[in-house]
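Shown next, in structure tokens, is the structure this report addresses.
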Amino acid sequence: MALEFAPGKTRVGWIGTGVMGQSMCGHLIAAGYPAVVYNRSPEKTAPLVEKGALLADSPADLAGRCDVVFTIVGYPRDVREVILGDQGALQAAKPGTVLVDMTTSEPALAVEIADKARSRGVHAVDAPVSGGDVGAREARLSIMIGGDQEPVRALWPLFEKMGKTIVHQGSAGAGQHAKMTNQILIASTMIGVCEALLYATKAGLDLETVLKSVSSGAAGSWSLSNLAPRMIAGNFEPGFFVEHFLKDMGVALAEARRMKLALPGLALAEQLYRAVEAQGFARKGTHSLLLALASLSAVEWKPSTKA
């Protein structure tokens, strides 16, 4: 029997209700999908519970009550715990359940989860996302999917409630490899954005005026359009945490070593972000790289008085 998911009939579970997960799950609830939620810090589920979600005691408790289980947590070790652990979702998932990990994690772990799920009659899909807190809030994420065709097809209407660019990349792990490609692009781009702003500052230019010129031309990028204004305003709060980006770059570098691939630009970016971490900004946004680079040239970054 083909998998079919529909509002009002399909109960979704959501594990991980942080910066991204809360908005993403909220879109599904708004679309009519009854939800069960779990977070290690239960107070972070409160906004979703207020919208009608039920609160679970554990990932296993949640999975036993749901048709589709989404996870978006911090690190691969967290993914392993909430899906494969003693109280993990797979322990209680009924045959036919679909597990969807939207964490940026290790491709090999995605394959392992898919294999173990298949042995229990459960489907597993890896579907990491890009777009940050704004993309999650506005339901315009890019979703990169790895997994078998049938569960991916059935999940498509749910993905459409969370994202605008939805692409099935291939078999299990392919979504994670696509996300690594995304993170490699972001890493070097962020260096360029930060260095450009520092250069413009030292040259005495008005940063808002400069952005008008450069953001719509060949130098334009998502990071320039969305994060440069935050840097200019002195707002380094996270859309995506530095510590999580370091995790992603570590995964990408490990995969590169496994493939005997030299990625010196990514290695440089990872080292610069280690400096960001060392300076105490691990829980700030990835654009706080600007502060670490500013310190190299003894530049005191001051928020624009116009911001």
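Observations, loosely collected:
- A simple spin-label model places pseudo-atoms 7 Å from Cα toward Cβ; at Asp57 and Gln271 they are separated by 5.1 nm.
- Mean residue ellipticity at 222 nm, helices only, the chain: -13500 deg cm²/dmol; runs of at least 4 DSSP H residues each add -39,500 (n - 2.57), and the sum is divided by the number of residues.
- For Ala114, the shell of other residues with beta-carbons less than 15 Å away shows a net charge of -3, using +1 for Lys and Arg and -1 for Asp and Glu.
- Label point distance in nm, Arg65-Asp115, each placed 7 Å from Cα along Cα→Cβ: 3.3 nm
- Shape analysis of the range 12-171 yields a ratio of the Cα radius of gyration to the Kirkwood radius, Rg/Rh, of 0.92.
- Positive contributions from Lys and Arg (+1) and negative ones from Asp and Glu (-1), summed over other residues with Cβ under 11 Å from the Cβ of Ala200, come out at -2.
- Over the range 19-95: Rg over Rh, Cα atoms, Kirkwood Rh: 0.94
- Given their separation in residues at 0.36 nm each and the Cα-Cα distance between them, Lys164 and Ala298 gain 44.1 nm when the chain is fully extended.
- Magnitude of the charge dipole, the chain, Cβ model with Lys/Arg +1 and Asp/Glu -1, debye to 20: 220 debye
- Cβ-derived FRET efficiency at R0 45 Å, Ala46 paired with Ala254, nearest 0.05: 0.80
- Radius, Kirkwood style, for the range 178-296 when every pair of distinct Cα atoms is counted (Å): 14.7 Å
- Charged neighbours of Pro128, selected by a Cβ distance under 10 Å, balance to -2 (K, R count +1; D, E count -1).
- Residues whose placed amide H lies under 5 Å from that of Val36, excluding near-sequence neighbours: Val12, Gly13, Trp14, Leu54
Each reported figure results from applying straightforward, stated rules to the coordinates on display, with no laboratory input. The structure presented is a predicted model; accordingly, all values stated were derived computationally and were not measured. Positions of Cβ are backbone-derived with ideal geometry, glycine not excepted, and every protein chain shown enters the neighbour counts.
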